[in-house]
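S.K.: Sharing a structure, written as structure tokens. Questions coming.
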Amino acid sequence: METVLRSEELPVADRFEWWREVTSRTLMPTEFTSDHADDFRASVRALEFGAVQVSVASYPSLRSRRTPALIRRSDPELYHLALTLSGGQSISRCRRDALVGAGDLLLYDSSHPVDATPTTPPARSPASPTAAAATRPAALVTTPSTASAATPSPLPAAAARQPPPTATTTPAASPRRPPPVPRERRPTPTATTRRAA
């Protein structure tokens with residue numbers, strides 16, 4: 001099922017509050033502030049594939065925060081995989097900071113606090129940031145048994161550094177890659193020989 005929502009279809013005074021309500025209802029409760037709150041022009045297109053939701057959102061620069069209080073109030077236990085198509089953000093999560101820009105892939109979950117701030121001042125960036133995301137319930141994701149909730153994955157996810165064909169990026173340092181998962185070792189068969197007596 002496809003859903004398309006646009007703030008321009010609402011009165012100007014209701015747009016920012018509408019965005020807060022839509023994101024809290026469809027993703028997870030989050031606090032937002034924006035220099036564009038007085039005329040917030042945003043849109044989201046979402047497709048549902050069973051328990052997985054894929055969405056593309058376009059919105060003016062904003063700060064979003066998922067606080068410990070919001071997590072205690074409502075934690076849908078979701079993984080969120082986001083590809084930034086334009087714009088940029090500084091992300092703080094679990095005492096780790098990262099700069100995320102066009103072409104960067106970010107993996108985070110709803111169970112840990114996150115603070116995202118735009119990196120481009122609003123006056124210099126009239127174009128809306130755009131992101132494509134996939135959201136999936138944590139219960140449907142298989143993780144290694146050695147993973148600990150106290151040790152979240154690094155930001156940004158060590159994956160797609162290739163921008164979409166229409167995006168431009170600046171060279172960035174190589175992403176940190178997680179250590180490889182050890183494979184189970186099986187005994188190697190050995191040959192035995194007998195000496196002739």
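S.K.: For the stretch 43-66, give me each residue that is under 15 Å from the mean Cα position of the chain (by Cα) and of a type in the set (Lys, Arg).
M.R.: Passing the criteria: ARG63, ARG65, ARG66.
S.K.: Out of all the residues in the stretch 26-39, which are touching a residue at least 40 places away in the same chain (Cβ under 8 Å) and either assigned to a strand (DSSP E or B) or over 28 Å from MET1 (Cα atoms) (or both)?
M.R.: Within the stretch 26-39, ASP35, HIS36 meet the criteria.
S.K.: Over 18 Å from PRO118 (Cβ atoms), at pLDDT below 95 and surrounded by 13 or more Cβ atoms within 10 Å (Cβ to Cβ): which single residue out of SER55, SER90 fits that description?
M.R.: Working: SER90 fails: over 18 Å from PRO118 (Cβ atoms).
The match here is SER55.
S.K.: Hey, can you tell me all the residues within the stretch 5-25 that are surrounded by 15 or more Cβ atoms within 10 Å (Cβ to Cβ), assigned to a helix (DSSP H, G or I) and not small (Gly, Ala, Ser)?
M.R.: ARG15, PHE16, TRP18, TRP19, ARG20, VAL22, THR23
S.K.: While we're looking at this one, here's another question. Yes or no: THR67 of a type in the set (Ser, Thr, Tyr) and surrounded by fewer than 18 Cβ atoms within 10 Å (Cβ to Cβ)?
M.R.: Numbers: of a type in the set (Ser, Thr, Tyr): yes; surrounded by fewer than 18 Cβ atoms within 10 Å (Cβ to Cβ): yes.
The answer is yes for THR67.
S.K.: With TYR108, TYR59 as the choices, which residue is farther than 21 Å from SER34 by Cα, in contact (Cβ under 8 Å) with a residue 12 or more places away in the chain and of a type in the set (Phe, Trp, Tyr)? Before the answer, list the steps.
M.R.: On the way: TYR59 fails: farther than 21 Å from SER34 by Cα.
Selected residue: TYR108, the only one of TYR108, TYR59 that is farther than 21 Å from SER34 by Cα, in contact (Cβ under 8 Å) with a residue 12 or more places away in the chain and of a type in the set (Phe, Trp, Tyr).
The values are calculated or read from the model by the stated rules, or taken from the named source; none is laboratory data. As the structure is a computational prediction, the values presented were derived from the model and not from experiment. Glycine gets a Cβ as well: all are built from the backbone with ideal geometry, and neighbour counts include every protein chain shown.
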